[in-house]
Amino acid sequence: MAFKTYQEALDWIHGTLRLGIKPGLARMEYIMEKLNHPEKANKWVHIAGTNGKGSTLTFIRSSLEEAGYKTGTFTSPYIETFNERISVNGIPVSDQMILDLANRIKPIAEELEKTVYGPPSEFEIITAMMFLCFAEYEPIDIGIIEVGLGGRLDSTNVLTPLISVITTIGMDHMEFLGNSIEQIAGEKAGIIKPGIPVISGVVQKEAQEVIINNAVKNNSNVAWLNKDFFMQNRDDEIIFRTSHGDEIPNITIGLLGIHQLNNAAVAIKVLLYLNTFSSYEINQSAIKQGLKKAFWPGRMELIDVKPFIMLDGAHNPEGVKTFADSIKTYPGHKKIIISILGDKKYQEMIALLKTIPDTEILLTTFDYPRAMSANEVIQMGLIEGISTNPNWKQALDDIKEIKNDTKFFVTGSLYFISEVRKYLLTSHN
């Protein structure tokens, strides 16, 4: 039976979430074969990394659009609507498109369920929908694809890109990727393909060694942040430089946060590669305009100025460290409202937040399968000596009653940020 409505299609897609995460490429290869290999229909940039994938993708996409290219993107999780996971020039595909794509994939998924591979996961279904969309429904000039989890066994890894990107390596999703930086780096480096160049923003020596070893096996060259290309901030002027003497001066970056300098540097290096070695023409003007206009919801996003409310999806220790470093630059008293998923290193994350001067921390939770329970939030508050309120909406509503110049930062899980953003944009306007 075909789906008749968008909601039916969405319910089916989300219903497969109960199957959990199923690493491995056999199911994706089966679906791609049945669809006549849509993953081979386009040119791709493939991005893996613990943090920074979405921001780096946004910088690249925005610049390619400025250069006149129709750019498809695949991202997760979504902040505003499910459809934004599959977007063209930053615009999510339509409900009708999701319905049409789901109806194409469903019979293949049912067929797959009867095989030794078992049924596809939610992410595999969405990935297949994306490849099909860009191959048959929305032809694009280039696609920028964000890895869902890890790299080596991720659903997206059936593609062969023009260039592979590894933004950062950190301790996250360890139940799937391993318990050491080296193991996690090995999974991320799994996106490296024979002869395909790699751009890397990874800084840890032990992770770099793993990536180098993988690149050597694949006869791939790696360009490294802070070795082969740099972003310099001198006298309030941001300048991009390469070790070959290329330079882009007077850069303005549309995304806030000091970490975005590194993400922008990685993005520029990707764009310069596409410009030099592929059939794309992306001049300095397009790059600069793209960086300036870049917008990515829920990443150091200023929602209001009176009171000051900023959202940032810092959902693992590396993300929280970057978040803490960024907000230390904001003067005055700060209050952080945070919700951390129960399977994350929440004690380490709270410890990092405690290093920020003149800052209160309030721990909360929200309705999500992996979120902390109300009791866990209260217990953690007692252990850590921080405020708690399991009712996040009430915690946000209390902001309106505060008359001083406190700056409010809401952070934690991107799923939480998505809920908060919707609530603030509807209730506070």
Note to self: Of the conditions (1) closer than 19 Å to Gly68 by Cβ; (2) at pLDDT 90 or above; (3) open to solvent by 30 Å² or more (accessible area, probe 1.4 Å), Ser279 satisfies every one except a single condition; which number is it?
What the structure shows: (2)
Item checked: Any chance Val203 is within 30 Å of Arg152 (Cβ to Cβ), assigned by the TED database to the domain that holds Leu25, open to solvent by 60 Å² or more (accessible area, probe 1.4 Å) and free of Cβ contacts under 8 Å to residues at least 24 places away in the same chain -> no
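With the structure loaded, tell me whether Thr388 is assigned by the TED database to the domain that holds Thr322, modelled with pLDDT of 90 or more and assigned to a loop (DSSP other than H, G, I, E, B) or whether it fails that test. Steps first, answer last, please.
Details: assigned by the TED database to the domain that holds Thr322: yes; modelled with pLDDT of 90 or more: yes; assigned to a loop (DSSP other than H, G, I, E, B): no.
So Thr388 fails the test.
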Check: Can you tell me which residue in the stretch 91-125 is surrounded by the fewest Cβ atoms within 10 Å (Cβ to Cβ), limited to those that are touching a residue at least 40 places away in the same chain (Cβ under 8 Å), of a type outside the set (A, V, I, L, M, F, W, C) and not in a helix (DSSP H, G or I)?
Finding: Thr115
Margin query: Can you pull out every residue in the stretch 215-251 that is among the β-branched types (Val, Ile, Thr) and either surrounded by fewer than 13 Cβ atoms within 10 Å (Cβ to Cβ) or in contact with a Pro (Cβ under 6 Å, 6 or more places away or on another chain) (or both)?
Written below: Val216, Ile239
Next item on the list: Pick out, from the stretch 165-262, the strands (runs of 3 or more DSSP E) lying fully within it that include 1 or more residues that are β-branched (Val, Ile, Thr).
Entry: 198-200, 222-224, 237-242, 247-251
Next item on the list: Please work out which residue is nearest to Met310 (Cα to Cα), limiting yourself to the stretch 398-412 and to residues that are open to solvent by less than 40 Å² (accessible area, probe 1.4 Å) and among the aliphatic types (A, V, I, L, M).
Entry: Val410
Next item on the list: Search the stretch 330-344 for residues that are under 19 Å from Lys403 (Cβ atoms) and pair each with any residue that is among the aliphatic types (A, V, I, L, M) when their beta-carbon atoms are under 6 Å apart and the residues are at least 6 apart or on different chains.
Entry: Ile337/Leu362; Ile337/Ala395; Ile337/Val410
Next item on the list: Of the numbered conditions (1) within 29 Å of Ile181 (Cβ to Cβ); (2) touching a Ser or Thr at 6+ places or on another chain (Cβ under 9 Å), Pro317 fails exactly one; give the number of that condition.
Entry: (2)
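The values are calculated or read from the model by the stated rules, or taken from the named source; none is laboratory data. Fair warning: this is a prediction, and the values are worked out from it, not measured in the lab. Backbone-built Cβ (ideal geometry, glycine too); neighbour counts: all protein chains shown. Please note that ligands, DNA and RNA were not included when accessible areas were found on the heavy atoms of the full protein model with its side chains. Shrake-Rupley method; radii C 1.70, N 1.55, O 1.52, S 1.80 Å.
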